[in-house]
Every structure is written in C-alpha cells, then in structure tokens.
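To keep things clear, I will list the structure first and then write my remarks on it.
The values are calculated or read from the model by the stated rules, or taken from the named source; none is laboratory data. Predicted model, so just to flag it, every value in this text is computed and none were measured. So basically every Cβ, Gly included, is an ideal-geometry build from the backbone, and we count neighbours across all protein chains shown. Accessible surface is based on the protein model in full, side chains and every heavy atom, while ligands, DNA and RNA are left aside. Shrake-Rupley method; radii C 1.70, N 1.55, O 1.52, S 1.80 Å.
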Protein chains: 2
Amino acid sequence: MELLQKNYCFGGEQRTYSLFSHALKSETKFSIYLPAQSIEQNCPAVFFLAGLTCNEETFAIKAHAQKMAATLGMILIMPDTSPRGEDVANEQAWDIGQGAGFYINAQKMPWKKHFHMESYLIDELYPQVVENFLIDKQKIGIMGHSMGGHGALTLAWKYPHLFNSISAFAPICAASECAWGEKVFSAYLGEDKLEWKKNDAVALIENKGALFPNILIDQGLNDQFYEQLQPEKLKDVCEKKGQFLTLRFHDHYDHGYYFIQSFIDDHLKFHMAQINE
Amino acid sequence: MELLQKNYCFGGEQRTYSLFSHALKSETKFSIYLPAQSIEQNCPAVFFLAGLTCNEETFAIKAHAQKMAATLGMILIMPDTSPRGEDVANEQAWDIGQGAGFYINAQKMPWKKHFHMESYLIDELYPQVVENFLIDKQKIGIMGHSMGGHGALTLAWKYPHLFNSISAFAPICAASECAWGEKVFSAYLGEDKLEWKKNDAVALIENKGALFPNILIDQGLNDQFYEQLQPEKLKDVCEKKGQFLTLRFHDHYDHGYYFIQSFIDDHLKFHMAQINE
C-alpha cells in the first residue's frame with residue numbers, strides 16, 4: 001500500500017493510496033479520509049462506492065463529506081469504480097468497461113481477466129484497511145451512488161456480516177431489469193439470468209429477506225437517469241419482506257453531486273446511529 | 001447571458017452562465033450559487049476569484065461553500081480566471097496565459113488583446129450580476145485564493161466603493177515581488193515597475209492606507225507555494241497603515257481546496273458580519 005497524496009482537511013487527513021490487487025490483476029487506487037480521532041482510537045468507517053465514470057477522487061472532492069466525518073470521527077473509504085490500465089479491457093463507452101465495474105465479478109472474456117471488483121473490495125481492500133487503519137471492525141457501513149448504490153446494496157446483502165449499516169443516493173435498485181444493467185450483465189456475466197439475479201439488489205432482498213434495521217435512500221425527482229433506478233421496485237420488495245426502508249424523494253434535485261452534497265450529512269449521521277445501535 | 005447548466009443544491013441553485021465580454025473580446029463563463037432566499041428578496045453576494053489553473057467551476061465543486069451560503073442566504077459569484085479560446089494568447093505553462101489572468105488589464109502584446117480581467121469583472125460582470133439577480137448592492141464582498149487572493153485584495157483597494165468586505169485564502173500579497181508575479185507582470189505590463197506597483201496588494205495598501213474595517217486571511221503553514229505569497233509583507237503594511245487584519249496561520253494545511261473547505265464557513269460568516277456592520 002503506497003501513499004500517493006495527503007492533504008490536511010478539517011483537522012484530519014485526506015489521503016490517496018495505490019495498491020496491487022490480485023483480484024483485479026492490476027494496480028488500483030483508493031482514497032481515505034482519516035479524522036483526527038482516528039490517530040489514536042478505533043473509529044467507525046463507511047465505504048462509499050461511486051457511480052459510472054467516477055473514480056477514487058470523485059466523492060472526496062465533490063460530496064462535501066469531510067466536515068461531518070470530522071465531527072463524527074468517522075473514516076471514509078473511497079475505492080475506484082473498476083480496474084484501470086492499458087491492458088485492461090475497455091470499450092468506447094462510459095457505461096461499460098473502465099469506470100463501470102459494477103462491483104461484481106465478471107465471468108466472461110475479455111472482462112473476467114480483470115473485472116473482479118467484488119472480490120477486490122471484500123477480500124482485499126476491506127481486510128487491508130481494517131488492518132492498516134484504526135477502524136472499529138464492529139462499526140463498518142457501506143453506501144454508494146447510482147452504480148455504487150447498486151454496489152452498496154448488493155454487497156450488503158451478499159456479505160451482511162461485514163457491514164453494520166447501509167445507505168444510497170439514487171441507487172440502481174434492480175440492475176438486471178434496466179438498460180445499464182442489461183448491457184453490462186450480458187457482457188460481464190453472459191446470458192444466464194440466474195447469474196444476473198445474484199447481482200441484483202431487489203432480487204437479493206427478495207431471496208434473502210430483511211437483514212438490516214433500516215436502509216436510507218435519497219432520490220431526486222429531477223434525476224435524468226430515473227428510469228434506470230427503479231426505487232419503486234426497492235420499496236415494493238422491502239415492504240413485502242419486512243425490510244424497513246427510509247426512502248426520501250426530493251423535488252428538483254438531479255442525479256449529480258450537488259444533490260449528494262445536499263444530503264450527505266444526513267447519511268453520515270444515519271450510519272453513525274445505525275452502527276451504534 | 002446564457003444559462004448553460006443548473007443544479008438544485010441545498011434548496012437553491014448552482015448555475016453556470018456564458019456571456020460575451022467586450023473587455024475580453026471573447027465568450028466567458030461564470031458560475032453562481034443562488035440560495036433559496038434570493039428567489040424573492042435581495043441578498044448579500046460575495047465574488048470568489050480563483051487561483052492559477054482554475055476556472056469558474058473549481059470553487060463551486062471543491063470549496064464546499066454552498067451549505068453555509070444556503071444557511072446565510074448569500075449569493076456566491078465565481079468568474080473564470082482568464083479569457084479563453086483558440087484565438088486567445090497562451091503559452092505552454094500553467095502560470096501565464098489562459099488560466100492565469102491575474103485580474104489585471106494587460107498592456108503589452110500579445111496579452112493586451114484579450115487579457116483585461118479587471119475591466120471585465122468591474123465594468124461588465126459586476127453590473128450584470130447586480131442587474132440580473134436579486135443582489136443587495138450595499139452588501140457585496142470579494143474573496144479569493146492565491147492568484148485570486150491577489151485579485152480580491154487589489155480590486156478591493158482599487159474599487160473600495162464597490163465592495164463591503166474582503167477576505168482571502170493564501171493570497172499572493174505582493175505580486176510585484178514574487179516569481180509568479182514578476183513573470184506575469186513583465187509579460188502583461190512590461191518593465192515599468194510603477195505599473196507593477198499599481199497591481200500589487202501590499203503597494204496599494206501602502207499607497208491608499210486602511211480602507212476596510214477588517215481583512216480575514218487564512219494561510220496554511222504547509223503551503224507548497226508559501227514563498228510566492230509573503231503574508232508577512234501584508235501584515236507589515238497593515239500594521240504600518242492601521243489596517244485591521246485577521247491573519248490566521250494553520251499548522252499542517254497546504255495550498256489546496258482541502259485547506260479552503262476546512263475554513264470556508266468562517267469566511268462566509270466573516271463576510272456576512274462585515275457586510276451587515
């Protein structure tokens with residue numbers, strides 16, 4: 001794990017690291033916000049999974065989360081959204097390939113050579129940050145935006161023992177049933193729809209039932225990608241399965257980080273409350 | 001004035017406009033944050049002048065100012081840092097030419113054809129925003145970062161009737177006496193050092209004396225460009241001239257926006273207090 005950059009911020013440090021991932025077969029970066037409290041005591045931590053076209057810098061720069069994280073004494077962990085590099089498969093499109101890892105393990109060539117974001121996050125990044133920083137292992141949350149909201153929901157339902165809280169901004173709720181997900185899943189996973197369902201948040205909740213005390217979702221009603229997101233399907237399956245869901249719709253807000261920054265403090269406070277329950 | 005983009009943010013709107021500037025002889029952009037209060041009542045406003053390599057988006061994305069501006073009901077106005085375009089003079093360097101307008105009027109070719117940021121800001125952007133948005137003309141402040149801190153200080157001392165409050169992050173305090181300023185002033189203004197002094201904050205305060213009740217300056221002590229900034233010279237001239245100055249040094253903080261975001265709320269509250277005095 002190599003430190004590439006650090007900047008003092010609200011009495012703590014915003015850092016960027018690179019590491020070699022065996023799952024991704026490539027170097028990858030993540031950024032981390034370490035509040036002052038984390039210098040000497042174990043702190044709660046939240047993973048943030050970003051959306052299409054984003055990388056490990058996006059949330060750090062645009063979400064305006066550090067002030068509240070500093071106040072709460074919460075570590076923020078921000079991985080990249082896919083493997084990267086000249087030898088990593090890609091397409092001339094922003095919704096597949098590099099920048100669009102979808103937080104799953106690809107099974108089809110050329111994608112399966114590098115695109116194993118699920119294994120990277122769960123088997124490599126998670127244990128390495130727990131080992132290298134003062135993180136309270138019993139107080140780890142996961143959140144995400146759009147594709148990263150899909151990632152947060154699916155990883156929380158696949159690995160509920162690893163996460164104590166879950167929230168998302170404008171998540172892709174049913175990736176196997178929207179255009180973005182259909183394009184990527186058929187490329188990364190092939191045509192077996194059973195494999196798609198294993199990587200679809202609504203299908204996972206349908207299958208595994210309620211697992212968390214609450215989920216916080218914020219969704220803008222002026223979201224230009226609304227039809228890809230299908231929060232109604234998430235609402236329906238949570239009602240059906242008895243999974244408590246705090247789904248907030250917001251007039252005027254769109255899909256971007258000006259929306260996220262407007263509600264990020266609520267999410268960090270939500271994670272803090274859930275984690276401490 | 002053409003609206004290029006708008007995003008709802010903390011109950012208000014973050015917008016980007018383009019307009020044709022006669023001073024710059026080109027199209028230019030600015031961004032503006034309009035808090036909800038500004039829909040129906042005159043609000044105070046603060047200009048933010050950005051630093052080298054930045055543009056009208058930088059502060060809007062990276063400074064994390066909108067939340068406090070929404071709370072205070074304060075409009076934020078963020079111009080670009082120079083004229084732009086294929087026909088605008090430039091050099092293969094980040095500290096001169098496009099992105100490095102220095103908020104002055106160039107007098108030497110090729111720069112004097114387009115590089116009139118001072119006239120653009122004072123004679124065009126300022127009256128146009130006052131006319132087009134609900135701005136209280138008696139409550140307008142100016143602030144900036146680095147090159148933009150130089151811009152804020154020099155424009156405040158050149159046009160004190162237009163501004164009610166002044167602050168800066170890591171400003172270039174004596175542009176005529178640092179490497180950045182010497183390079184640009186000799187190119188834009190020529191070798192007449194009297195012209196340089198007319199565009200140097202410390203020299204302007206030396207010449208015109210105290211003009212504002214207070215100046216707020218934040219300066220990181222881990223600033224990689226510290227030698228270009230010379231806050232000690234600003235301190236000395238303010239003491240000599242009886243100009244009250246709140247100069248805060250901060251251990252560990254560097255020159256970037258992670259520093260700015262850590263103290264931006266203090267600056268907006270400072271402007272609000274000064275403006276309302």
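A compact table of results
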| quantity | calculated |
| --- | --- |
| Amide hydrogen neighbours beyond the local backbone of B:Tyr159, cut-off 5 Å, H modeled | none |
| Percent breakdown of C-alpha pair distances by 10 Å bin, ordered from the shortest bin, for the protein assembly as shown | 4, 18, 25, 23, 17, 10, 3, 0 |
| Mean separation of Cα contacts under 8 Å (6+ apart) over length of the range A:1-121, as relative contact order % | 25 |
| Nearest-0.05 FRET efficiency for A:Gln224 and B:Ile61, computed from C-beta distance (R0 25 Å) | 0.85 |
| Backbone HN-Hα couplings from phi across the range B:233-248 [Karplus 6.51/-1.76/1.60, Hz, Gly and Pro as x] | 5, 5, 4, 4, 5, 5, 4, 4, 9, x, 8, 5, 9, 9, 9, 10 |
| Loss of accessible area when A meets B, both sides summed, Å² nearest 100, probe 1.4 Å | 2000 |
| Global size of the range A:62-166 as Cα Rg and Dmax, reported in angstrom | 14.8, 45 |
| Copies compared at A:Gln41 - label distances in nm, ascending, label defined 7 Å from Cα in the Cβ direction | 4.2 |
| Exercise: per-residue mean of other protein chain Cβ atoms within 10 Å, B:8-17 | 4 |
| Accessible area of the protein assembly as shown divided out per residue, in Å², using a probe of 1.4 angstrom | 38 |
| From phi via Karplus (6.51, -1.76, 1.60), per-residue ³J(HN,Hα) for the range B:186-201 in Hz, x at Gly/Pro | 5, 6, 7, 10, x, 9, 6, 5, 5, 5, 4, 5, 5, 10, 10, 4 |
| Highest-first arrangement of B:183-192, B:38-47, where packing means the average Cβ count within 10 Å | B:38-47, B:183-192 |
| GNM result for chain B, Cα springs below 10 Å: residue of B:His161, B:His267, B:His64 fluctuating most strongly | B:His161 |
| Percent carbon-and-sulfur accessible area, the range B:154-223, ignoring ligands, DNA and RNA, probe 1.4 Å | 51 |
| Using θ = phi - 60° and Karplus 6.51 cos²θ - 1.76 cosθ + 1.60, couplings along the range A:46-53 (whole Hz; Gly, Pro as x) | 10, 7, 10, 9, 8, x, 3, 6 |
| Accessible area in the full protein assembly, largest first, 1.4 Å probe, for A:Thr81, A:Thr53, A:Thr246 | A:Thr53, A:Thr246, A:Thr81 |
| Of all chain A residues, the one whose C-beta is nearest the axis that brings A onto B, in angstrom | A:His64, 2 |
| Long-range HN-HN contacts of A:His250 with modeled amide H, under 5 Å | A:Gln219, A:Gly220, A:Leu221 |
| Alpha carbon Rg of chain B, scaled by the compact-globule rule 2.2 N^0.38 Å | 0.93 |
| Theoretical gain in end-to-end length, B:Asp192 to B:Gln5 [0.36 nm per residue, Cα-Cα removed] | 63.1 nm |
| Teacher prompt: A:His161 distances to equivalent labels in other copies, 7 Å Cα→Cβ, nm | 7.6 |
| Exercise: per-residue mean of other protein chain Cβ atoms within 10 Å, B:256-269 | 3 |
| In the range B:57-134, the chymotrypsin sites (Phe, Trp or Tyr not before Pro) that fall in loop regions by DSSP, at most 14 other Cβ within 10 Å | B:Trp94 |
| Other copies of B:Ala179: label-to-label distances in nm, shortest first, labels 7 Å along the beta-carbon direction | 5.2 |
| Relative contact order computed over the range A:45-115 (Cα-Cα under 8 Å; 6+ residues apart), in percent | 33 |
| Within 10 Å of each Cβ in B:83-90, the average number of Cβ atoms from other chains | 0 |
| Percent antiparallel among DSSP beta bridges (both partners in chain B, rounded to 5) | 50 |
| Spin-label pair A:Lys113/B:Ala210, simplified geometry with 7 Å Cα→Cβ offset, distance in nm | 7.1 |
